[in-house]
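Chemist: Let me begin by handing over the structure; questions about it come next.
Please treat every number below as a calculation from the coordinates, not as lab data. This structure is a prediction, so every number in the text was calculated from the model and none was measured. Reconstructed Cβ throughout: ideal geometry from the backbone, glycine too, with neighbour counts over all protein chains shown.
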Amino acid sequence: MERGQGPRKRPDAYVIGVGHTAFGEAWEKSYRQLMTEAGLAAIQDAGIQGDEIDEVFVGTMSTGKLVGQEHVAPLLLDGAGLADLHIPATRVEASGASGGLAFRQAVQAIRAGGADIVVVGGLEKMTDVSDADAQAIASSGIDQEWEHFFGANDAALHALVAKRHMAEYGTTREQLAAVAVKNHAHGANNPLAQFRRAITPDKVLRAPMVAEPFTVFDCAPVSDGAACLVLASSGVVGSYRKDAVKVSGSGQASDALALHSRATTTTWRSTAEAARRAYTEAGISVADIRLAEVHDAYTINEILAIEDLGFVKKGEGGPATLEGRTGFDGDIVVNPSGGLKARGHPAGATGIAQVCEVVWQLRGEAKGRQVKDARIGVTHNTGGTGATAVVHVLEGGF
Amino acid sequence: MGVPRFWREIPQRYNLQASRCEVCQAIHFPPREVCPDCRRASIGRMGTVRLSGRGRILEWTRVHKAAPGYEKHVPYVVALIHTDEGPVVTGQVVDSDPASIEEGAEVHAVFRRLGEDGEAGVIHYGTKWRTARIAAKE
Amino acid sequence: MPVGILSYGAYVPRYRIRSEEIARVWGDDANIGRNLDVHQKSVPGPDEDVATISVEAARQAMRRSPSPVDDIGAIYVGSESHPYAVKPTGTIVQAAIDAGPYLTMADFEFACKAGTAAIQTGMGLVQSGMCRTVLAIGADTSQGAPRNALEYSASAGGAAFLLGADKKQVIAEIHHTASFTTDTPDFWRREGQKYPSHGERFTGEPAYFRHVMEASKRLMADAGTVPSDYDHAVFHQPNGKFPVAVARKLGFEERQYATGLLAPRIGNTYSGAVLLGLVHILDAAEPGQRIFMCGYGSGAGADAFDLTVTRNIARYDRGAAERLETQLADTTEVDYATYAKYRGKLVMGGDA
């Protein structure tokens, strides 16, 4: 089977180092400390020196509003002691997809041929502001003038998507709750997860309402955390880890920002397009995929994701989840890390942490939650109500 | 929201002033500079038109954790509203019998306070929606 | 030149609080509602104010209006609870009904008679030929201090009147108006104070009754009329008792003042009070009927009017907008806590 598209001379990108902090409420750590911790972990995991780094990308949703700081990429690089290497450093933003987008920018930098070693980090510090402020800032990826200003925050818009899906496909609250139950069960085996205890469907259904039909347990939490990756080009990867993971497919797609401007709310065309592009580039079909880290900011997101990524037919995401087809006994294990729901959702860090998890899985290093025969994994990271989607295909065994 | 930014959009917020592509007659709200279907052909050919303020609920949810400025309304209903002229808008449904709020219900525009820039700042007014009233016996 | 009403509109918020509920909280006599003849009052929702009420009333008036919005030469909103101390409510109404910009405007204040003052001014502008039509509005979301007697009656609502001189369009001609004004401090609110103050029983005889009686008697003297000449009579209604007492004193009967008496159902809508009573009358009025109206504002003054309904009312499209009675019939009761939340009577935290 032909692998990859495009000119043969184009370098491939590999992940040779990963690291992320524990996600949760990190009162003692500033955003600078979190990023430095994750960065050092990834660099040591990769076995590289600072002066080998050609380029740096950082994904963060809103350091400006959360900690009052823009222009964070050089600041964070300085935190790692690397300021006088004058490495090009770029901050990337696409709301909740900031991390995935930063990863894609890093991959493209390698594929462009100008960089051999690229470090990409994702970070968010959400607890330095009040909970109400954090929630409002987490809604900064929706249409401020025509959605948020009229009382529709991020949760309300996703609730509208859920209600449409329930009306059009018969999806039930129990099926939505099954996403949260599964992911909390997975998170229980992830030492870095924010929530590490299993929950029951009843706990989800009876929790306080956020925006009907969502209760608190249908929604990913506010979190602090940072994650980091080291990428190497095919030209130099041989000098590093033998179990480097190849980025065989990278796809990104956009859509109208406001939900009311979409042709349909129950299919996220951005996800479908990004997946199609990534799968085509990787030369794979869904049958090849063994695990996926998807963007379950709300339970409905995972149901839409497994449909729009092609894992199940449109409308079957609810029943498939309730039946256990996305758990460890399923064909594709979805969110073995616990997902955004249980691992936590420091917005900019999520997209990078998803790659960390898939890499650990493909290396066979996911102790306590190892997916068997993990050779190809997918990451799926979205922003707002799906105005940006980023999908990557990662392959081990090279 | 800052003073000029809000002031600029008074015709849209108060009176649902939309745009109409003179090439294909499609109506868009909020108004657009360019028609997404006609694209280049519509440059300089976008006229203005008022929406009637009538529409139907496409979907709705009841919000318990408020967006900033909506705390006094909790729990409140936000909906996707399919206006009679075509555009779908997001808005709060107020002062309506809860039993009347459902997919397909007719709604009409009402003029309400949307928020304010703090106690000393400008007050923002605009459009919210309500379902039909029970008419009194004549 | 005859001048009169071309069109009208009204708005009363849907929320109500019962007098018994207020009495329950403050330990007042449960019969207080009966004593004042105010059984419940209207409460504005958390997103309503004098601007939104004025707009709804004005939009109603323009929807029914035979005269185009472009002919409006002035807009006057009278209230004692304008949303801004400085920045006229009228400009918000103007933008919302798409009037102007070549028109004049200012906001009016004279306690509960700011709306009738706006009508008199509008009459002058039309009769002088300075304006083709004038939109005059009286609206309030007045507040009474917690535990104060005024808390039982201070309510919310407003009405809008389009004034003009086109004989084919006038539905109620205003033949005469007369006013009586003195410096009488019966009720007032100092700049920066949240709630008004009043002289308790001083608000009766030397204030309300004296001014309404004098203005009404002067009006009838100018018009050469007696009470029995009128089919309808409506007076400023701070509660259900005062307007009935003054009507009787002047010689009017229940069959005349019953239609315009709304205070028992909605409380005192201040600048909207006598005007909403007039709307209720106009909703039922027949061609040729004569209407007596007298508004009162503390501070103090009274404006009396003599109106005659014309044949044009048969052609007037009341159905183009929701009737007042529909708004009065469709209500939602709230308890004192919700009322306090909506009216901003709770001390919120620093980050609220």
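Chemist: Less than 19 Å apart at the alpha-carbon level, and either on another chain or at least 8 residues along: which lysines does that give for B:Lys72?
Modeler: Within the straight-line limit of under 19 Å, B:Lys72 reaches these lysines: B:Lys128, C:Lys341, C:Lys345.
Chemist: Calculate, in whole percent, how much of the Cα-Cα pair population of segment A:86-195 lies beyond 20 Å. Write out the running numbers ahead of the final one.
Modeler: Working: 3888 of 5995 pairs.
The answer is 65 percent, as a whole percent.
Chemist: By the gyration tensor of its Cα atoms, with a ≥ b ≥ c the square roots of the eigenvalues, what is the shape of the protein assembly as shown: rounded for a/c under 1.5, prolate for a/b over b/c, or oblate?
Modeler: On the way: a/c = 2.82, a/b = 2.51, b/c = 1.12.
It is prolate, given that a/c is not under 1.5 and a/b is the larger ratio.
Chemist: Taking 25 Å as R0, compute the FRET efficiency from the Cβ-Cβ separation of C:Glu254 and C:Tyr195 and round it to 0.05.
Modeler: Values: r = 34 Å, r/R0 = 1.36.
Efficiency at R0 = 25 Å is approximately 0.15.
Chemist: Continuing with the same structure: What is the Å³ per residue value for the convex hull set by the Cα atoms of segment B:52-131?
Modeler: 90 Å³
Chemist: From a point 7 Å beyond the Cα of A:His71 in the direction of its Cβ, which residues of segment A:99-126 have a backbone N at a distance under 11 Å?
Modeler: none
Chemist: Go ahead and set up a Gaussian network model of chain A, Cα springs under 10 Å, then flag whichever of A:His186, A:His158, A:His86 fluctuates most.
Modeler: The residue that fluctuates most here is A:His86.
Chemist: For C:Lys249, go through the lysines and keep the ones whose alpha-carbon is under 25 Å away, minus same-chain ones fewer than eight residues off.
Modeler: C:Lys113, C:Lys217, C:Lys241
Chemist: Also, quick follow-up: Taking the convex hull of the Cα atoms, report for segment C:1-104 its projected area averaged over all directions, in nm². Please report the intermediate quantities before stating the final value.
Modeler: Working: hull surface 38.2 nm².
The number I arrive at for segment C:1-104 is 9.5 nm².
Chemist: Another question, if that's okay. Could you pull out every one of the lysines with an alpha carbon less than 21 Å from that of A:Lys242, ignoring same-chain neighbours closer than 8 positions?
Modeler: Reachable lysines: A:Lys367, A:Lys372.
Chemist: Further question: Note down the magnitude of the dipole of segment A:194-303 about its Cα centre, charges +1 on Lys and Arg C-beta and -1 on Asp and Glu C-beta and zero elsewhere, to the nearest 20 debye.
Modeler: On the way: 12 positive and 12 negative charges, 58 e Å.
In debye, rounded to 20, segment A:194-303 gives about 280.
Chemist: Once the piece of chain linking A:Lys313 and A:Glu28 is laid out straight, how much longer is it, given 0.36 nm per residue of separation minus the C-alpha distance between them?
Modeler: Values: separation 285, 0.36 × 285 = 102.60 nm, distance 4.52 nm.
The span from A:Lys313 to A:Glu28 would gain 98.1 nm if fully extended.
Chemist: Here's a follow-up. Give me the distance between the Cα centres of segment A:216-295 and segment C:95-144, rounded to whole Å.
Modeler: If we compute the Cα centre of each part, the gap is 61 Å.
Chemist: Choose one answer from A:Gly310, A:Gly24, A:Gly386: the residue with the largest mean-square fluctuation in a GNM of chain A with alpha-carbon springs under 10 Å.
Modeler: A:Gly310
Chemist: Using Cα pairs under 8 angstrom and six or more residues apart, how large is the relative contact order of chain A, in percent?
Modeler: Details: 1007 pairs, mean separation 104.9, N = 398.
For chain A, the relative contact order is 26 percent.
Chemist: Could you tell me whether chain B comes out rounded, prolate or oblate from its Cα gyration tensor? Rule is a ≥ b ≥ c as square roots of the eigenvalues, rounded for a/c under 1.5, then prolate if a/b exceeds b/c, otherwise oblate. Intermediate values should be presented prior to the final figure.
Modeler: Numbers: a/c = 2.08, a/b = 1.31, b/c = 1.59.
The shape class here is oblate.
Chemist: Can you put A:Phe150, A:Phe57 in order, fewest other beta carbons within 10 Å first?
Modeler: Details: A:Phe150 24, A:Phe57 28.
Result, fewest neighbours first: A:Phe150, A:Phe57.
Chemist: Using θ = phi - 60° and the Karplus relation 6.51 cos²θ - 1.76 cosθ + 1.60, list the HN-Hα couplings for segment C:294-308 in order, rounded to whole Hz, with x at every Gly or Pro.
Modeler: Listing the rounded values in order: 9, x, 9, x, 5, x, 8, x, 9, 10, 10, 9, 10, 10, 10 Hz.
Chemist: Between C:Ile32 and A:Ser254, what is the label-to-label distance in nm when each label sits 7 Å out along the Cα-to-Cβ direction?
Modeler: A separation of 6.1 nm, rounded to one decimal place.
Chemist: In whole Å, what are the extents of segment A:28-122 along the principal axes defined by its C-alpha atoms, from largest to smallest?
Modeler: Taking max minus min along each principal axis of the Cα atoms, segment A:28-122 gives 35, 26, 23 Å.
Chemist: Mean projection of the alpha-carbon convex hull of segment C:176-240 over all orientations, in nm²? Don't skip to the end; give the middle numbers.
Modeler: Numbers: hull surface 23.6 nm².
Over every viewing direction, the Cα hull of segment C:176-240 projects on average to 5.9 nm².
Chemist: Let me ask something additional. R0 = 35 Å: FRET efficiency of C:Tyr102 with B:Ser52, Cβ-based, nearest 0.05?
Modeler: Working: r = 27 Å, r/R0 = 0.76.
The calculated FRET efficiency here is 0.85.
Chemist: Further question: List the Cys residues of chain B that have no partner Cys with a C-beta closer than 4.7 Å.
Modeler: Cysteines of chain B left without a disulfide-compatible partner: B:Cys24.
Chemist: Here's another thing I want to ask about it. Using only the alpha carbons of segment B:10-50, what is the convex hull's orientation-averaged projected area in square nanometres? Intermediate results must be reported in sequence, preceding the final value.
Modeler: On the way: hull surface 9.7 nm².
Its average projected convex-hull area is 2.4 nm².
Chemist: What share of the DSSP beta bridges in the protein assembly as shown is antiparallel, in percent to the nearest 5? Before the final figure, lay out the partial values.
Modeler: Values: 115 of 150 bridges.
If we restrict to bridges inside the protein assembly as shown, about 75 percent are antiparallel.
Chemist: A further question on this structure: Let me check against my output: what whole-number percent is the relative contact order of segment C:16-125, with C-alpha pairs under 8 Å and at least 6 apart? Could the numbers behind the result be given before it?
Modeler: Working: 129 pairs, mean separation 25.7, N = 110.
Reported as a whole number, the value is 23 percent.
Chemist: Would you mind giving the mean number of other chain beta-carbons within 10 Å of the Cβ of each residue in B:74-86, as a whole number?
Modeler: On the way: counts 1, 3, 5, 3, 10, 5, 12, 1, 1, 0, 0, 0, 0.
Mean inter-chain Cβ contacts per residue within 10 Å come to 3.
Chemist: Treating the beta-carbon of each Lys and Arg as +1 and of each Asp and Glu as -1, no other charges, what is the dipole magnitude of chain C about its Cα centre, to the nearest 20 debye? List each step's numbers first, then the result.
Modeler: On the way: 35 positive and 41 negative charges, 46 e Å.
In total the dipole reaches around 220 debye.
Chemist: Pick from A:Ile306, A:Ile117, A:Ile48: which is most flexible by mean-square fluctuation in a GNM of chain A where alpha carbon atoms under 10 Å apart are linked?
Modeler: A:Ile48
Chemist: Got a sec? How would A:Ile352, C:Ile171 order by Cβ neighbour count within 10 Å, fewest to most?
Modeler: On the way: A:Ile352 35, C:Ile171 25.
If I rank by nearby Cβ atoms, fewest first, I get C:Ile171, A:Ile352.
Chemist: Semi-axes, largest first, in whole Å: what does sqrt of 5 times each Cα gyration tensor eigenvalue give for segment A:215-371? Please report the intermediate quantities before stating the final value.
Modeler: Numbers: eigenvalues 131, 71, 60 Å².
Calculated on Cα positions only, the semi-axes equal 26, 19, 17 Å.
Chemist: Please report A:Met166, C:Met130, A:Met61 as a ranked list, fewest other C-beta atoms within 10 angstrom at the top and most at the bottom.
Modeler: So the residues, fewest neighbours to most, are C:Met130, A:Met166, A:Met61.
Chemist: Consider just the alpha-carbon atoms of chain A and return their Rg together with their Dmax, both in angstrom.
Modeler: 19.2, 58
Chemist: Could you tell me the calculated FRET efficiency between A:Asp84 and A:Leu40, based on Cβ-Cβ distance and R0 = 22 angstrom, to the nearest 0.05? Walk me through the numbers on the way to the answer.
Modeler: Values: r = 17 Å, r/R0 = 0.79.
It comes out at approximately 0.80.
Chemist: Pull up all non-local amide H partners of B:Val107: gap of 5 or more, or a different chain, and H-to-H distance under 5 Å with H placed in the peptide plane.
Modeler: Those lying under 5 Å, H to H, from B:Val107 are B:Gly55, B:Arg56, B:Ile57.
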